């Protein structure tokens, strides 16, 4: 079954709905974004996430010490980092007790199939969080095994994207929003149903 992460959640209702929909992970954005939450907000939301669902902090443009501090303050032990520089960065986060998702952009200079020793690899479009689709069909440029597809996914295209790319999991944010940063319950339900084949 395809792993589903719904990202950019900012309030109790959307966290509760995501959990009811049976997602595997929820994401809280600490980077500059309309979806940004503070450590205190993330801690309150994290408390609503049951065992078996991953609570993931999303970080861009922050130092490793800042990431570790924010994760500890909010009670989050899974971090998705979009600008890891080397395997040493992953090792440092592991040593802090964190599970690491390395996020890479298809337009970046780094090889998107190199995970730096992270626990999971997420492959996004050219600009992280922009909600723009990219070419999922060239499997030679994509990882094998367990990896997460992100970038422009919607209830309408996610089933095709998974079938085409061979992704193990999917990550969605803007594709389940009525406006930037505002999650739409109907779109959340439609997305989960499309991934699960219930649409």
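Every number in this text was worked out from the coordinates using simple rules, so none of it is lab data. In this text, all values refer to a predicted model and were calculated from it rather than measured experimentally. Cβ: placed from backbone, ideal geometry, glycine included. Neighbour counts: every protein chain shown.
Of note:
- In this label model, residue 144 and residue 32 are separated by 4.0 nm, measuring between points 7 Å along each Cα→Cβ vector.
- For the chain, adding -39500 (n - 2.57) for each run of n ≥ 4 DSSP H residues and dividing by the number of residues yields -8500 deg cm²/dmol at 222 nm.
- Extension gain, residue 2 back to residue 44 (0.36 nm per residue minus Cα-Cα distance, nm): 12.4 nm
- Here the spin labels are modelled as points 7 Å beyond Cα on the Cα-Cβ line, and at residue 51 and residue 85 they lie 3.9 nm apart.
- Here residue 186 and residue 12 are evaluated by their C-beta separation; at R0 = 25 Å the FRET efficiency comes out at 0.85.
- The length gained on full extension between residue 69 and residue 160, counted as 0.36 nm times the residue separation minus their Cα-Cα distance, comes to 28.9 nm.
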